[in-house]
Amino acid sequence: MGCFMSKNADTKASRIARWRATGIVALRDSKLKTFPDEIITLDTSVRTLDLTHNRIDKWFFILFLFLAYILVKMSLIQRGYVDIPVEINKLINVQRLILAENFIERLPVSLGKLQSLKLMNLDGNRITSLPDELDQLVRLERLSVSRNLLASLPVTIGSLRNLVLLNVSNNKLQSLPESVGSCSSLEELQANDNLIEDLPSSVCNLSHLKSLCLDNNNVKQTPLNLLKDCKALQNISLHGNPISMDQLQQMEGFQEFEARRKKKFDKQIDSNVMIGSKGLDEGVDL
């Protein structure tokens with residue numbers, strides 16, 4: 001039995017040593033139910049953290065609190081639980097945080113301390129809101145929170161001036177905040193399968209925006225200057241919305257947008273990129 005224990009200890013030690021040496025912690029499909037404590041001990045060594053497709057959720061914490069309550073008989077334990085430990089703020093050098101396909105419901109405000117973060121993927125969880133402290137992630141370039149339960153986005157999202165991709169598809173959003181227009185580096189905005197009715201006029205400020213995807217919402221019209229002011233825009237997808245092609249064609253800047261769109265299409269053909277059966281997609285249901 002002693003040898004068995006030693007082997008386990010060596011395996012754990014070698015794993016931590018490998019993580020520390022490479023800066024990459026990859027635990028996909030590991031059937032985890034809690035956030036591994038040993039990751040926190042790595043502190044500044046972690047550059048990429050990938051815990052995709054596990055079962056991290058609140059139930060372990062609920063069980064812990066219940067047992068603690070029984071053991072101490074209503075002593076002054078007031079500590080609540082979070083799905084991701086508050087101590088995650090120790091991973092100050094992490095650049096890629098991938099926590100997709102879990103059962104996460106809440107994010108700790110300490111997440112804002114990860115100011116080296118460039119990519120955060122939280123797809124396929126049960127998150128109902130994002131913390132205001134998101135604005136502290138000043139280096140964040142790619143944020144994906146699709147397939148969650150978001151009813152709104154924090155106003156502070158406008159502080160993410162280096163954000164290139166924002167994916168909030170498959171949530172319960174009824175609108176996008178006006179502040180999204182301050183995400184001055186944004187190139188791709190994906191908000192398919194929500195309940196969005198109107199786009200904020202500030203979207204017209206996104207001079208680097210190339211792709212705007214809003215399929216399966218309730219959008220009846222877009223800001224009048226969208227095609228005129230978003231001079232990099234090459235793709236608009238509005239399938240499954242009560243908007244017509246005529247409305248887009250009547251907007252100022254449509255001809256220039258159409259030229260950019262066809263140029264992109266021609267490049268795809270020249271590069272032998274496969275085009276869908278509809279050919280040059282008009283972006284709306286005709």
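Going down the list Lys231/Lys267; Lys172/Lys263; Lys172/Lys231; Lys172/Lys220; Lys172/Lys262; Lys228/Lys262, which pairs span over 26 Å between their C-alpha atoms?
In this structure, Lys172/Lys263; Lys172/Lys231; Lys172/Lys262 lie more than 26 Å apart at Cα.
Under the 0.36 nm per residue contour assumption, what length would be gained going from the current alpha-carbon distance of Glu258 and Arg20 to full extension?
In short, 80.7 nm is gained.
Each reported figure results from applying straightforward, stated rules to the coordinates on display, with no laboratory input. Remember, predicted model here, so these are calculated numbers, not experimental data.
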